[in-house]
Structure formats: structure tokens, C-alpha cells
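Contents: one structure, followed by commentary.
The values are calculated or read from the model by the stated rules, or taken from the named source; none is laboratory data. All values derive from a computational prediction rather than experimental measurement. Every residue, glycine as well, gets a Cβ built from its backbone with ideal geometry; the counts of neighbours run over all protein chains shown.
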Amino acid sequence: MENAQQQKGKAQLWMERFGEKYSPMVLLSAIIMLLIPYFTQGDSFYWTEKAVILLVAAAPCALVISLPIAMAAGISGAAKQGILIKGGAHLEHLGNIKIIAFDKTGTLTHGKPKVTKVVSFKDDTSHLLKIAASLEQYSSHPLAKAIVTQAKEKNITITTVTESKAIFGLGVQGKLNDELWYLGSPDMFDKMGVNIENFKPQIYMLQSEGNTVVLLGHNNELSGLIAIQDTLRENAQDVIQQLHAMNIRTVMLTGDNKRTAQRVAQKLGIDDVRAGLKPDEKVKAIEEFIKIGPTLMIGDGVNDAPALATATSGIAMGTAGTDAAIEAADIALMADDLSKLIDGIENR
């Protein structure tokens with residue numbers, strides 16, 4: 001709360017600058033009135049009374065102090081509703097937002113996806129899950145957690161991986177038994193030059209059903225795929241409709257594939273979809289939207305942090321959000337309840 005109140009909005013800063021000039025002028029005018037009787041032989045009681053009236057009537061105290069009090073009340077009131085706002089400037093921004101960009105996984109969805117299908121092209125599915133879970137065992141990404149959870153539910157032993165490395169915005173790699181394995185999106189394997197043409201019809205079909213598909217392979221060959229699906233937040237569609245009623249444009253920015261993203265956007269009625277985005281591409285999209293008008297970004301993951309920091313104001317999902325997202329954001333929804341976004345905009 002203390003740090004938030006130190007981050008002042010434009011109105012508050014203008015009022016303080018105004019007070020710095022206005023207050024001395026009022027005080028000087030009162031002093032001049034007090035001195036008039038000494039130069040004009042006037043009634044000293046009369047001019048003293050006028051000087052006091054001027055000080056009382058024209059004193060800027062109430063005007064100057066009203067905004068900090070209003071900001072503090074707004075920030076504390078929002079906090080009671082589970083909306084933590086890091087500064088008065090961001091409280092002001094909520095009232096001027098023209099575009100709101102949403103991340104998909106963990107924001108519009110619950111962020112607790114489940115494995116819906118495991119397909120092995122060579123070995124049995126248990127071996128495929130074992131390798132995938134071993135590669136993802138240290139990741140905090142929702143898709144990684146879904147794979148690890150599925151392996152544990154199947155009582156599959158997760159083994160140690162060496163030379164583990166995240167591939168920026170695409171997937172992960174690591175060595176098991178001196179073999180280098182790759183796990184990630186179809187785009188990652190395309191960029192690696194792996195031929196996945198024969199598997200694309202199956203991948204597209206799963207994606208059109210709302211699944212996120214990750215591929216597993218080594219030695220420039222695919223070993224299998226894992227389909228993962230998340231569930232939408234119950235109130236997400238209502239929130240989007242209410243934002244449209246406020247004439248606020250809605251956009252989805254996601255690293256997921258285009259087919260899955262479009263299916264989610266159609267269900268929710270989102271205006272625009274940008275899919276397959278890396279963190280830097282999300283930043284470029286936000287910069288593009290800011291040129292149109294004040295833009296709010298809502299996300300929960302490490303990949304969203306740069307976009308949250310770039311937006312006019314960034315909102316992090318406080319419970320599901322990563323530390324990086326919460327730190328980069330200007331506002332946090334502590335209950336991960338999207339309806340709080342409407343409360344924040346209406347009661348700013």
C-alpha cells in the first residue's frame with residue numbers, strides 16, 4: 001500500500017504542481033491585504049478580516065489533499081475485493097482502457113490442463129510418457145505439469161536428465177542414456193528440419209478439437225505425440241461480453257497453436273487472436289495496440305512478463321501466476337477471478 005501510494009497518477013501530479021504555485025500566491029495576497037492599512041490609513045480590523053476570509057476561502061488544502069485521499073481509498077477498496085494495485089497511476093489507467101489482451105493458458109483457462117491422448121509411433125506409450133515426464137520434471141509450465149502428473153498417475157518412474165535446456169518459447173531438450181531428446185511444439189520440429197508432414201493430419205485434427213499437441217523425438221525422427229487440453233474458466237465468456245458492452249476491444253495473445261487458440265476465441269467471443277507467439281512477439285503486439293489506445297495485458301506465466309511490463313498496465317493472476325509475472329505486473333487478481341477485472345474497471 002505504501003509503495004502504491006508513492007506511484008502517483010497524472011491527475012495527482014498535476015494537482016501537486018498546481019498547489020506548489022497556487023498556495024504561495026494565496027498566502028502572498030493575504031499578506032498584502034494585512035499590509036494595506038499601513039500604507040493607506042485604512043481600517044486594520046476590516047483588512048485583517050478580509051485577509052482571513054481569503055485564506056479560508058481560497059486555501060487549496062482540500063483541493064490538493066483530496067486526490068491522494070481518493071487514490072488511497074481506491075487502492076485500499078480494491079485490495080478488500082482481492083485486487084492489488086501497485087500505484088495510483090494504474091488506478092487511473094483502468095478507467096481509460098481501450099484494448100485488453102489476454103493470455104490463454106492460466107488466464108482464460110484454469111491453467112490445469114490434462115493429457116487427453118498419448119500416441120507412440122515407435123515404442124509403447126509408457127516409454128514415451130517416461131521420457132516426456134523426465135524432460136519436463138523441473139518445469140513450472142502448466143503443460144509440463146500435466147505430462148508429469150499423467151506419468152505419476154500411471155506409476156511411471158521419472159528418471160534423471162542431463163544437459164537439460166529450455167528452447168526459447170518452443171520446448172525443451174535433454175539427454176537420457178546418452179541420447180538427446182526433444183519435446184516441444186510442431187513448430188520446433190519444423191525449424192529443426194524434422195519431417196513431420198505425415199503426422200500433420202493427426203496433429204491438426206487434435207488441435208481442432210481444442211488440444212495442445214507436443215511432439216517427442218530424437219535423431220531427427222518423431223517418436224510420438226501428446227495431446228493436452230485445458231478447461232475454460234466458468235466466467236470467462238461473461239467477462240468478455242461485459243467488456244464488449246463497455247466498448248473495450250478484446251485480444252488473445254498466446255504461444256499455443258492457431259487452431260486451438262481460434263477454437264477458444266470463438267467460444268468466448270474474443271475479437272482478435274494472435275497465436276504461436278514467443279515472448280518478444282507478444283511485446284511487439286502490445287506495442288502495436290498501445291498506438292491505438294491504452295492497453296491492458298492479463299497473463300500468468302514467465303512468457304507473459306515482458307508483455308505485462310510493456311502494456312499501459314499489466315494484470316497478473318495472483319494465485320496461478322508465476323513470480324516473474326506478478327513482479328512485472330502493475331495489478332494482481334488474488335483470487336484468479338476474471339470478474340474482478342470488471343469490478344476494477346467499473347469502480348476505478
Among the candidates E92, E49, which residue alone is acidic (D, E), at pLDDT 80 or above and part of a helix (DSSP H, G or I)? E49
Considering only segment 179-191, I want to know if a residue exists there that is in the same structural domain as L128 (by TED's automatic domain parsing), among the hydroxyl-bearing types (S, T, Y), in contact (Cβ under 8 Å) with a residue 60 or more places away in the chain and in a strand (DSSP E or B). no
When residues of segment 143-168 are limited to those that are β-branched (V, I, T) and within 12 Å of V115 (Cα to Cα), the one surrounded by the most Cβ atoms within 10 Å (Cβ to Cβ): I147
Within segment 156-178, count every residue that is of a type outside the set (A, V, I, L, M, F, W, C), assigned to a strand (DSSP E or B) and within 25 Å of the chain's Cα centre (by Cα). 1
Scan segment 210-226 for residues that are part of a loop (DSSP other than H, G, I, E, B) and surrounded by fewer than 22 Cβ atoms within 10 Å (Cβ to Cβ) and jot them down. G210, N219, N220
